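So the structure is just underneath, and the comments pick up after that.
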Amino acid sequence: MTEPAAASAVRIDLPHGEKVTHRDVAANGARFHIAELGDGPLVLLLHGFPQFWWTWRHQLVALADAGYRAVAMDLRGVGGSDRTPRGYDPANLALDVTGVIRSLGEPDAALVGHDLGGYLAWTAAAMRPKLVRRLAVVSMPHPRRWRSAMLRDARQTAASSYIWGFQRPWIPERQLTADDGALVGRLIREWSGPRLPDDADVETYQRAMCIPSTAHCAIEPYRWLVRSLARPDGIQFNRRMKRPVRVPTLHLHGSLDPVTRTRSAAGSGEYVEAPYRWRLFDGLGHFPHEEDPAAFSAELINWLKDPEPDR
C-alpha cells in the first residue's frame, strides 16, 4: 500500500459527511494522527484492537454537539500515527496519551478508552492524574484486575485466547493481513452482540490493518502484556498500578462481551478513590459504543455533564 493510499484509508470523513479536522501532533518522541470535531472542554478518545480512530465516529459528533472538543487519536503504530520500532509497553503508550493532551494545548482532558485504549486510560489516570479530568473506560478492567483474571480465571484465559496466540512470531501478523484483512472482519463480528456492524465499516477496519507494519505494531502491546507477566518490568508496572485513580470514573461494559468477561471487569472500582459508576449495557457485546451509539453517547455525555457523579 502506497503512502497516499494509506492516508486515504485513515483520513476519512464521518459517515454522514461531517468533516472532521485531520492533523498530526508531536508527543513523546513520535507523531500522532488525530481526528477532531467541536469546541469546548477536551474529551480524548482512545481506540482498541483491531481498530483505529474511526471506532469513535458516532461519539465525535455527539460530543461536539454537546459542547465538547472531541479528539480521537490513533495509538502508536496504528492508523495514521508513527510506527516506531519500540515503545509499546503500557507505561510508554500512556505517556503518548498524556503527551497528546499537552500538545493540544489543554490543561487536562476527559479520557475515554475502549479495550486496549481503556487499559491505557486506566494507566494514564494513575500515572499522570493532573492531566486527566475524568475517566471513562469501556470493555476493559483495571490493569491489576486484568492481570489477575488472565492468571487465575480459566474462563477469562479462554476468552482471551487470541492474546495468547499473538505471542507467536510473525504468524499473527500474516493472519491479520491475509485476504485483505478478513480476520479483522471476523473478529469484529464475533466480538459484537446481536447488532452486527455494517459491512462497509468492517471493510474500513480491514483496510487500515493492511497498511504496512500496522498488524505488527497493533500486536506488540499484547506481546508485552503477556511476556512481562513474570519479568521485572511487568511486576514493577503492576506495583505502580496499585496507585489509586483519584478522578471520577465511568466504567461501561456490554453484558454479552465474549472477550472480556463481566466478572473480570466488575470490581475495578476498588482501585478508584473517587466517584465510580458502573454501567452494564444489556444485549451488547465488546463494542457498545458502536453497537448502540445513541445509548452509549447519552450515558457518556450525561455523566460528563454531571457536576457530582455518584458512586
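The values are calculated or read from the model by the stated rules, or taken from the named source; none is laboratory data. Because the structure is predicted, anything quoted here is derived from the model rather than measured. Cβ sites come from the backbone with ideal geometry, for glycine too, and all protein chains shown count toward neighbours. Note: accessible area is taken over every heavy atom of the protein model, side chains too, but ligands, DNA and RNA are not part of it. Shrake-Rupley method; radii C 1.70, N 1.55, O 1.52, S 1.80 Å.
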Can you confirm whether region 265-275 contains a residue that is among the acidic types (D, E), in contact with a Lys or Arg (Cβ under 8 Å, 6 or more places away or on another chain) and assigned to a loop (DSSP other than H, G, I, E, B)?
yes
Going by the structure shown, is Q175 in a helix (DSSP H, G or I), surrounded by fewer than 20 Cβ atoms within 10 Å (Cβ to Cβ), free of Cβ contacts under 8 Å to residues at least 60 places away in the same chain and out of contact with any Gly (no Cβ under 9 Å at 6 or more places or on another chain)?
no
Filter result (within 21 Å of V97 (Cα to Cα) and not in a loop (DSSP other than H, G, I, E, B)) within region 7-27:
V10, T21, H22, R23, D24, V25, A26, A27
Restricting region 24-61 to residues that are under 14 Å from E106 (Cβ atoms) and charged (D, E, K, R), the one surrounded by the most Cβ atoms within 10 Å (Cβ to Cβ) turns out to be E36
Can you spot a residue in region 30-44 that is assigned to a strand (DSSP E or B), of a type in the set (G, A, S) and in contact with a His (Cβ under 7 Å, 6 or more places away or on another chain)?
yes
Condition (residue is touching a Lys or Arg at 6+ places or on another chain (Cβ under 6 Å), closer than 24 Å to F296 by Cβ, of a type outside the set (A, V, I, L, M) and buried (at least 19 other Cβ atoms within 10 Å of the Cβ)) applied to region 91-101: is it met by at least one residue?
no
In region 72-90, anything among the charged types (D, E, K, R), buried (at least 24 other Cβ atoms within 10 Å of the Cβ) and touching a Cys at 6+ places or on another chain (Cβ under 9 Å) is listed as R76
Failed condition for T21, given (1) in contact with a Cys (Cβ under 7 Å, 6 or more places away or on another chain); (2) at pLDDT 95 or above; (3) surrounded by fewer than 18 Cβ atoms within 10 Å (Cβ to Cβ)
(1)
Taking first residues from region 287-311 that are under 10 Å from P248 (Cα atoms) and outside any helix (DSSP H, G or I) and second residues anywhere that are of a type in the set (A, V, I, L, M) and at pLDDT below 95, the pairs with Cβ under 7 Å that are 6 or more apart or on different chains are none
I'd like to check something: does region 217-225 contain any residue that is acidic (D, E), in a helix (DSSP H, G or I), open to solvent by 10 Å² or more (accessible area, probe 1.4 Å) and out of contact with any Gly (no Cβ under 9 Å at 6 or more places or on another chain)?
no
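Only one of these is aliphatic (A, V, I, L, M) and free of Cβ contacts under 8 Å to residues at least 40 places away in the same chain: A109, A35. Name it.
A35 is the lone residue from the list that is aliphatic (A, V, I, L, M) and free of Cβ contacts under 8 Å to residues at least 40 places away in the same chain.
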Based on what the data block shows, is S148 under 17 Å from the mean Cα position of the chain (by Cα) and either open to solvent by 20 Å² or more (accessible area, probe 1.4 Å) or over 22 Å from N92 (Cα atoms) (or both)?
no
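From the list A154, A159, which residue is farther than 21 Å from D74 by Cα, under 19 Å from the mean Cα position of the chain (by Cα) and at pLDDT below 95? Walk me through how you get there before you give the answer.
Numbers: A154 fails: under 19 Å from the mean Cα position of the chain (by Cα).
The match here is A159.
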Spot the failing condition for V259; the list is (1) open to solvent by 20 Å² or more (accessible area, probe 1.4 Å); (2) assigned to a loop (DSSP other than H, G, I, E, B), and only one is missed.
(1)
Condition met for R69 (among the basic types (K, R), over 18 Å from A298 (Cα atoms) and open to solvent by 10 Å² or more (accessible area, probe 1.4 Å))
no
Within region 272-311, how many residues are open to solvent by less than 40 Å² (accessible area, probe 1.4 Å) and within 26 Å of N238 (Cα to Cα)?
4
Checklist (1) assigned to a helix (DSSP H, G or I); (2) surrounded by 19 or more Cβ atoms within 10 Å (Cβ to Cβ) applied to T157, failing item:
(2)
Restricted to region 102-130, and to residues that are closer than 23 Å to R144 by Cα and part of a loop (DSSP other than H, G, I, E, B), which residue is most open to solvent (accessible area, probe 1.4 Å)?
R128
